1. Could you check region A:59-82 and list, in sequence order, the residues that are away from every other protein chain (no Cβ under 14 Å) and closer than 18 Å to A:ASP28 by Cβ?
2. List, please: which pairs have Cβ atoms under 8 Å, are six or more places apart or on different chains, and start with a residue in region A:1-23 that is in contact (Cβ under 8 Å) with a residue 60 or more places away in the chain and end with one that is part of a loop (DSSP other than H, G, I, E, B) and of a type in the set (A, V, I, L, M)?
3. Taking into account only those residues within region A:34-52 that are touching a Phe, Trp or Tyr at 6+ places or on another chain (Cβ under 9 Å) and surrounded by fewer than 20 Cβ atoms within 10 Å (Cβ to Cβ), which is farthest from the other protein chains (Cβ to nearest Cβ)?
4. Among the listed residues A:ALA79, A:ALA64, identify the single one that is aliphatic (A, V, I, L, M) and open to solvent by 70 Å² or more (accessible area, probe 1.4 Å).
5. All but one of (1) more than 13 Å from chain B (Cβ to nearest Cβ); (2) open to solvent by less than 30 Å² (accessible area, probe 1.4 Å); (3) more than 22 Å from B:ARG35 (Cα to Cα) hold for A:PRO3; which doesn't?
6. Step by step: first the residues of region B:79-106, then only those that are at pLDDT below 75 and of a type outside the set (A, V, I, L, M, F, W, C), then the one that is surrounded by the fewest Cβ atoms within 10 Å (Cβ to Cβ). Which residue is that?
7. Can you tell me which residues in region B:107-132 are open to solvent by 100 Å² or more (accessible area, probe 1.4 Å), in a helix (DSSP H, G or I) and modelled with pLDDT under 80?
8. Examine region A:96-110 for a residue that is under 13 Å from the mean Cα position of the chain (by Cα) and not hydroxyl-bearing (Ser, Thr, Tyr), and state whether such a residue exists.
Amino acid sequence: MAPLTPAVLHVLLALAGGERHGYAILKDVQRQSDSQLRFGPGTIYGTLQRLMEAGWVVDVKTPADVSDPRRRYYKLTRAGRDALKEEVDRLGAVLNVAREHRIHPRGSKS
Amino acid sequence: MFRRALRAFDIFLYRVALWLCPSTFRRVYADEMVRDFAEAHDEASSSRTGAVWRLRLVMAVDIVRTIVVQWSRSGVPVIAVISLTLALTLAEAAARVARHARFKIPTNTMDAEIIGVLILTTTSVFVIAMTIVLTPWVARPAYRRRRSG
């Protein structure tokens with residue numbers, strides 16, 4: 001599997017935390033990246049469209065207790081979760097190689 | 001009052017920009033995108049100065065990128081290239097045949113201009129016809145919304 005694009009990776013990560021609507025995904029991506037990534041709704045929904053076509057994400061019935069029932073909620077499928085795990089493994093391997101070369105992520109103590 | 005008018009104007013502009021996206025994408029996501037934009041606008045307005053301008057910049061870049069990506073995903077550029085290649089090949093073949101044909105190519109400027117217009121019209125009609133023929137072949141299957149749970 002080819003490495004995932006930043007948009008795909010962050011959307012999958014946001015949905016790994018449970019069902020979310022588009023704007024919640026957008027806010028989650030900003031939080032994950034410490035506001036380094038500033039995606040707009042176009043990127044988020046374009047990514048969701050591709051992920052739904054790939055069968056990694058599905059839209060679900062809007063929960064009854066939400067403030068805005070017009071919002072559509074999305075959730076990760078098993079295939080999406082597997083793809084995310086695979087990508088995290090790949091990134092973990094990259095990180096291990098970097099550590100072997102004494103290159104550590106900023107802010108890490110090791 | 002002024003803030004509210006500005007917010008409404010920004011949302012209007014965003015909605016207009018969304019009309020530049022392919023209809024297949026717009027029909028499914030435009031309403032949600034406008035709602036998200038409005039919510040982001042409200043948040044930016046209530047935070048520090050300059051946040052609204054930063055939001056406008058981010059959204060402008062995002063919408064331009066979305067328009068380009070969605071149109072390229074729609075298959076239209078592929079259809080255009082195939083149609084144009086076929087039309088130009090056909091026009092060149094017709095020109096080769098005409099060179100060996102018995103009829104005389106008019107030397108009169110007026111007639112030559114009419115023939116020029118005819119070739120241009122035929123090529124345009126051919127491009128349109130090929131676009132209609134190729135669209136179902138190139139275009140992706142329509143996105144069917146799946147609802148589960």
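1. A:ARG81
2. Close Cβ pairs (under 8 Å, with a partner that is part of a loop (DSSP other than H, G, I, E, B) and of a type in the set (A, V, I, L, M)) amount to A:LEU12/A:LEU4.
3. Among residues in region A:34-52 that are touching a Phe, Trp or Tyr at 6+ places or on another chain (Cβ under 9 Å) and surrounded by fewer than 20 Cβ atoms within 10 Å (Cβ to Cβ), the one farthest from the other protein chains (Cβ to nearest Cβ) is A:ARG50.
4. Going through A:ALA79, A:ALA64 in turn, just one is aliphatic (A, V, I, L, M) and open to solvent by 70 Å² or more (accessible area, probe 1.4 Å): A:ALA64.
5. In the conditions (1) more than 13 Å from chain B (Cβ to nearest Cβ); (2) open to solvent by less than 30 Å² (accessible area, probe 1.4 Å); (3) more than 22 Å from B:ARG35 (Cα to Cα), A:PRO3 misses (2) alone.
6. The selected residue is B:ARG102.
7. B:MET110, B:ILE132
8. No, the conditions are met nowhere in region A:96-110.
The values are calculated or read from the model by the stated rules, or taken from the named source; none is laboratory data. Note that this is a predicted model, so its numbers are computed, not measured. When we count neighbours, we look across all protein chains shown, and the Cβ atoms used for this are built from the backbone with ideal geometry, even at glycine. Only protein heavy atoms, including side chains, enter the accessible area calculation; ligands, DNA and RNA are left aside. Shrake-Rupley method; radii C 1.70, N 1.55, O 1.52, S 1.80 Å.
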